[in-house]
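Every read-out reported here was derived from the displayed coordinates using simple, explicitly stated rules and does not represent laboratory data. Worth saying up front: this structure is predicted, and the values here are computed from it rather than measured. Cβ placement follows ideal geometry from the backbone for every residue including glycine, while neighbour counts extend to all protein chains displayed.
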Amino acid sequence: MPNPIRRLSDTTINKIAAGEVIERPASAVKEMVENALDAGATEIRIDIAQGGKSLIRVHDNGVGIPADELPLAVERHATSKLDEADIFAIAHLGFRGEALASIGSVSRLKLSSRTKGQEGWMVAVEGGAIQPPRPTAHPYGTTVEVRDLFYATPARLKFLGSDRAEMQAISDTVRRLSLCAPEVAISLHDHTDGDTRTLYQAPLETGDLLDKGHARVGRVLGRAVMERCVRLDASREGARVSGWIGLPDTARGSSTAQFIFVNGRSVRDKALSGALKGAYQDLLPSGRHPVAVLFLDVEPEAVDVNVHPTKAEVRFRAAGEIRGLLVASIRTALAESGHRAPAGALPAPSFGPLGPAATPASHTYQAPAPRGWSGPVPAGQAEALFDGVLPLAGRPVAPGFDPETGEVFAPPVGQPLGRPIAHLYDTYILAQAEAGLVLIDAHAAHERLVYEGLKAHRAQHGVASQMLLLPEVVDLDRATAGRLEEAIPPLSRLGFVVEPFGGEAALVRAVPAALANAPAKALLIDALDALDAQGAGADLERRLDAVASRIACHGSVRSGRPLRLEEMDALLRAMEATPGSDRCNHGRPTSLALKRGDLDTLFGR
Ligand code: ADP
Ligand code: MG
């Protein structure tokens, strides 16, 4: 017998909605702060304990809720913000009328409020049951207090992160929200250990609109980054994009410093972040993410914000035009600041006959993608590379040619990458191998070797550390500093010795030995970003690999420095000994070969 069809109780419906809208404490904070902003508050105070699990309290000095409407405010689909005659013109942050009902269904909620000319009243909700309102002492404005979030849904409770991780998410959320409300004072306080710690405090910003915005963005990004940002302001056909974008050198290893708002609403929209990425395409290597605070303002009718329960995604009527506006205005702003993207990408590499004789295109030789080299493994040489930037004091290497006569020697047997002849354009190594000519991208190859070295050492016996002569103090932004403590154990497995230093800095005592010559600050920031980008949930080994890959470039030979023959030779031999070194960390080939037989064909021999 099938079960009979029954209507769900309101409590159950609310719990289901809570699953969509309130994912974690930070989502409750977001809804509550948005309500305070909608109520026209100029001051919002947020108090948290145990990462929001035991307490979230948001107090504001907004318009308040009349006593008779208090029970409605915590009921589902009850809102003061939606004009049902025109449900697509949305001017408030909230409008679904389900946040308070959802939160109330899975927690112990108290809503206290007082409007002008009235006394204070409060209503309590316990696991969805609304208690009758009663008078209470309260200043003008509203306080929503949420205790024991998710106590009514233990399954959800289990999926929450550590208190610290949840606190971090709350802190990110508050910063994000505070960016679009510079005229509102916002503060966040943690009460976990009994005493009060202020985690974020943004006073009411002063000056004209631009000054206010600038001051608030500076508070979130940090002054140093703000100084390397350029202002953006462009409009086209009813759409306007404004904000601040970072010069390429401020780019980060993850997108944590990207804040995008549509009509004052914080969104995490793939299409918009894709446009941002596209705008920086030729300016940043892959894996680097620009810093950006972007405000996109369009007619309310031109955007649908109701495609996602937490309203994080949006849909534009003219998506292509919005993308165009974003990309064009970012490029213009960067170009005006002197950072022009190259006019066009170089053509795909090809070797072809020189000279004016017009040759049919079919004769043009396309370098084949190289396969892995399988030569004998010279023991110890790969390691040598990781001792410093490049190794080998004193080991004589026969050059590939006689410096007196210029005669090129026969290539060595058993060394597929051959004998180095020259370092071309300070970037490519030209080598003569048995099979033909080989070109090696020295930087890409070395980066890969450093990465493989870090990985191999970590698997065997841990990565060797190099103590710094003078420990280095690295200033972090607040959000990154908050994540430091969690990052210390994984980073130590890669050879970092780091400790917190004051509220917003780290003290680096040691770095991976292979990267001892790289700037400690850049190493640490990239390592933290890479850990972050993987998310705490990811498998630790994968996260460590990602960090190794990210920081490997700091130890690598930069193109632009001429390499000595010995250095080139060491690089080639290490490549032969290292599986995977035929690709750089980003998947591009590290070497190209032009086979002897192909040369002969090209010259018609
Ligand atoms: P929504 O924000 O989508 O309308 P909520 O469940 O978040 O739904 O809130 C329900 C209603 O309660 C709001 O429409 C508003 O009238 C009232 N309300 C909630 N929080 C506040 C606040 N801090 N100040 C004034 N009114 C509030
Ligand atoms: Mg709301």
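Applying a DSSP loop filter and a limit of 13 other Cβ atoms within 10 Å to the GluC sites (Glu not before Pro) in region 126-231 leaves GLU183. Per-residue Karplus couplings for region 40-45, computed as 6.51 cos²θ - 1.76 cosθ + 1.60 with θ equal to phi - 60°, are listed in order as x, 5, 10, 8, 10, 10 Hz, Gly and Pro entered as x. Multiplying the residue separation of LEU204 and VAL413 by 0.36 nm and removing their Cα-Cα distance gives an extension gain of 67.9 nm. The loop-placed chymotrypsin sites (Phe, Trp or Tyr not before Pro) in region 408-475, going by DSSP, that have at most 14 neighbouring Cβ atoms within 10 Å of their Cβ come out as PHE409, TYR425. Available extension along the chain between ALA137 and ARG231 is 29.2 nm, counting 0.36 nm per residue and deducting the alpha carbon span. Here's how it looks for LEU468: its modeled amide H is under 5 Å from those of ALA510, VAL511, which are all 5 or more places away or on a different chain. The convex hull built on the alpha-carbon positions of region 160-282 has an orientation-averaged projected area of 9.6 nm². Measuring r between the beta carbons of ASN517 and THR332 and using R0 = 35 Å, the FRET efficiency lands at 0.35. Between ASP193 and ALA505, what's the calculated FRET efficiency when r is the beta-carbon distance and R0 is 35 Å? Round to 0.05. Between ASP193 and ALA505 the formula returns 0.95.
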